[in-house]
Amino acid sequence: QVQLVESGGGLVQPGGSLRLSCAASGFTFSSYAMSWYRQAPGKERELVAGIISTGGSTNYADSVKGRFTISRDNAKSTVYLQMNSLKPEDTAVYYCNAGTFTPLGNWNDYWGQGTQVTVSS
């Protein structure tokens, strides 16, 4: 079955770094765009970063540009999110998402269970 398993979250001080990983299985990873979303308490889930299936193009939320880097290793079916210069406002549950268009043009996606990132002194 499809699985997206996030890891690497935790507690970090402001200005620190974390690297999130999302290991995928059960589908053709190299055919899917991958994204990281986050949801803070009382807020809606928001897109943090995305990367196309080949890894040739990425996009970022304005709030994380220059601090976060998304990357993927299709041989390992894993997507990463390197987070530097972390701020308290980055505190959230971070979710991995895999998505692709079906031959009929419908969007098909999967979600991981999330990993908590807490930025606090």
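The values are calculated or read from the model by the stated rules, or taken from the named source; none is laboratory data. Every value quoted in this text rests on a predicted model; they were computed, and no experiment measured them. Glycine also receives a Cβ, built like all others from the backbone with ideal geometry; neighbour counts cover every protein chain displayed. The accessibility values were calculated without ligands, DNA or RNA, using every heavy atom of the protein model including side chains. Shrake-Rupley method; radii C 1.70, N 1.55, O 1.52, S 1.80 Å.
Scanning region 70-88 for residues that are out of contact with any helix residue (DSSP H, G or I) (no Cβ under 9 Å at 6 or more places or on another chain) and outside any loop (DSSP other than H, G, I, E, B) yields I70, S71, D73, Y80, L81, Q82, P88.
So, E44, is that one assigned to a loop (DSSP other than H, G, I, E, B), among the charged types (D, E, K, R) and open to solvent by 20 Å² or more (accessible area, probe 1.4 Å) or not? Show your work before the answer.
Details: assigned to a loop (DSSP other than H, G, I, E, B): yes; among the charged types (D, E, K, R): yes; open to solvent by 20 Å² or more (accessible area, probe 1.4 Å): yes.
Spelling it out, E44 is indeed assigned to a loop (DSSP other than H, G, I, E, B), among the charged types (D, E, K, R) and open to solvent by 20 Å² or more (accessible area, probe 1.4 Å).
Those residues that are out of contact with any helix residue (DSSP H, G or I) (no Cβ under 8 Å at 6 or more places or on another chain), over 16 Å from V48 (Cβ atoms) and in contact (Cβ under 8 Å) with a residue 12 or more places away in the chain, I need them from region 89-121; list them, please. Talk me through it step by step, then tell me what you get.
Pass one, region 89-121, residues out of contact with any helix residue (DSSP H, G or I) (no Cβ under 8 Å at 6 or more places or on another chain): 89-97, 99, 101-116, 118, 121.
Filter once more, keeping what is over 16 Å from V48 (Cβ atoms): 101-108, 110, 113, 121.
Those that are out of contact with any helix residue (DSSP H, G or I) (no Cβ under 8 Å at 6 or more places or on another chain), over 16 Å from V48 (Cβ atoms) and in contact (Cβ under 8 Å) with a residue 12 or more places away in the chain: Y110, Q113, S121.
Working only within region 52-69, note down all residues that are assigned to a strand (DSSP E or B) and open to solvent by less than 10 Å² (accessible area, probe 1.4 Å).
First, the residues of region 52-69 that are assigned to a strand (DSSP E or B): 58-60, 68-69.
Correct list: F68 only.
Looking at the structure I just gave you, is L20 open to solvent by 60 Å² or more (accessible area, probe 1.4 Å), assigned to a strand (DSSP E or B), in contact (Cβ under 8 Å) with a residue 12 or more places away in the chain and not polar (S, T, N, Q)? Outline the logic, then answer.
Values: open to solvent by 60 Å² or more (accessible area, probe 1.4 Å): no; assigned to a strand (DSSP E or B): yes; in contact (Cβ under 8 Å) with a residue 12 or more places away in the chain: yes; not polar (S, T, N, Q): yes.
So L20 does not fit the description; no.
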